[in-house]
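In what follows, a structure is listed as structure tokens, so that the remarks can point back to it.
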Amino acid sequence: MAKTQILDNISKESLASIFPCFNPIYRNYKRGELIMIYQSPQSDPKQIAIVKSGQARLEFINEYGDFYVLERYKSGDLFGEPFSLPLSDFEYMVTAEEDCKVVYLDYKHIITPCEKLCEHHSRLISNLFVMSAQRAQELSFHLSIVKQGSIRNKLLAYLQYARMAERGARDKKLHNPNKEIYNLKSARKDIPTNEFFEIPMSLAELAEYIAVDRSAMMREIKTMKNDGIIDSRRREFKLLI
């Protein structure tokens with residue numbers, strides 16, 4: 001499923017006319033610099049942030065004080081207090097992964113239509129709510145994996161999802177060969193489950209995604225292969241259970 005961006009279907013001319021209404025504040029950050037801590041005086045719940053250039057990342061700290069990356073933000077991506085996080089479980093912070101520029105917008109002015117009720121402002125509001133729903137779904141799934149009690153459980157949870165996702169995408173392409181459509185719910189039940197599927201990330205990225213040490217993950221993958229639970233060849237996996 002293509003991700004919605006807040007400025008989708010809004011022309012540069014229209015954006016130039018409505019953008020000043022949101023009281024934009026531009027700030028530059030150096031690589032490694034702290035941008036925001038959730039539920040702290042630094043993070044204003046009345047604002048949302050858009051990465052204008054560069055890249056930032058959302059990290060969380062577990063109960064042992066270990067840092068893990070939860071999300072990465074590139075140009076056009078949003079973050080901030082309006083996007084809900086289960087703050088009782090972990091501590092979250094946004095840092096600059098490279099030099100970046102961030103623009104902060106007044107949230108109240110974004111969600112409140114202007115007096116003219118212009119079409120482009122309405123489109124921006126619609127985009128924001130769609131993005132919020134997509135982000136909530138993605139974060140909920142990601143955190144459900146991170147909270148698994150062992151490396152094995154984390155791997156199994158992710159691999160089961162990845163297998164269904166690939167089958168769903170393949171099924172959609174059979175019916176829509178000219179469209180790139182991704183839908184987990186479309187997975188066909190009659191496709192064999194004992195086949196290899198490819199995950200959409202490197203093994204190093206997988207370790208980061210499930211919040212474990214890469215070496216420990218590789219040892220667990222080897223053990224799971226010996227136990228007859230999975231088979232693998234680089235980024236390709238097969239579930240045997």
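The values are calculated or read from the model by the stated rules, or taken from the named source; none is laboratory data. Given the structure is predicted, the values throughout are model-derived calculations rather than measurements. Please note: Cβ atoms are built from the backbone with ideal geometry, for glycine as well, and neighbour counts cover all protein chains shown.
Among the residues examined, Gln134 qualifies as over 19 Å from Met201 (Cα atoms), assigned to a helix (DSSP H, G or I), modelled with pLDDT of 75 or more and not basic (Lys, Arg).
Whenever a residue of segment 64-89 is at pLDDT below 80, its partners that are polar (S, T, N, Q) and not in a strand (DSSP E or B), lying with C-beta atoms within less than 6 angstrom and at least six residues away or across chains, give the pairs Glu81/Ser43; Leu87/Gln39. Restricting Asn9, Asn28 to residues that are at pLDDT below 80 and surrounded by fewer than 15 Cβ atoms within 10 Å (Cβ to Cβ) narrows the list to Asn9. Report yes if some residue within segment 180-201 is crowded, with 16+ Cβ neighbours inside 10 Å, at pLDDT 85 or above, assigned by TED's automatic domain parsing to the domain that holds Arg233 and of a type in the set (A, V, I, L, M); otherwise report no. Checked against the condition, which is being crowded, with 16+ Cβ neighbours inside 10 Å, at pLDDT 85 or above, assigned by TED's automatic domain parsing to the domain that holds Arg233 and of a type in the set (A, V, I, L, M), segment 180-201 yields at least one hit.
Scanning segment 38-57 for residues that are modelled with pLDDT of 85 or more and either among the aromatic types (Phe, Trp, Tyr) or exposed (fewer than 15 other Cβ atoms within 10 Å of the Cβ) (or both) returns a single hit, Ser53. Looking at segment 208-227, which of the residues that are in a helix (DSSP H, G or I) and β-branched (Val, Ile, Thr) is surrounded by the fewest Cβ atoms within 10 Å (Cβ to Cβ)? In this case the residue turns out to be Thr223.
What pairs can you find where one residue is in segment 18-33 and farther than 22 Å from Glu59 by Cα, the other is in a helix (DSSP H, G or I), and their Cβ atoms are less than 7 Å apart, with a gap of 6+ or different chains? Pairs that qualify, where the first residue is farther than 22 Å from Glu59 by Cα and the partner is in a helix (DSSP H, G or I), are Ile18/His120; Ile18/His121; Cys21/His109; Phe22/His109; Phe22/Ile110; Asn23/His109.
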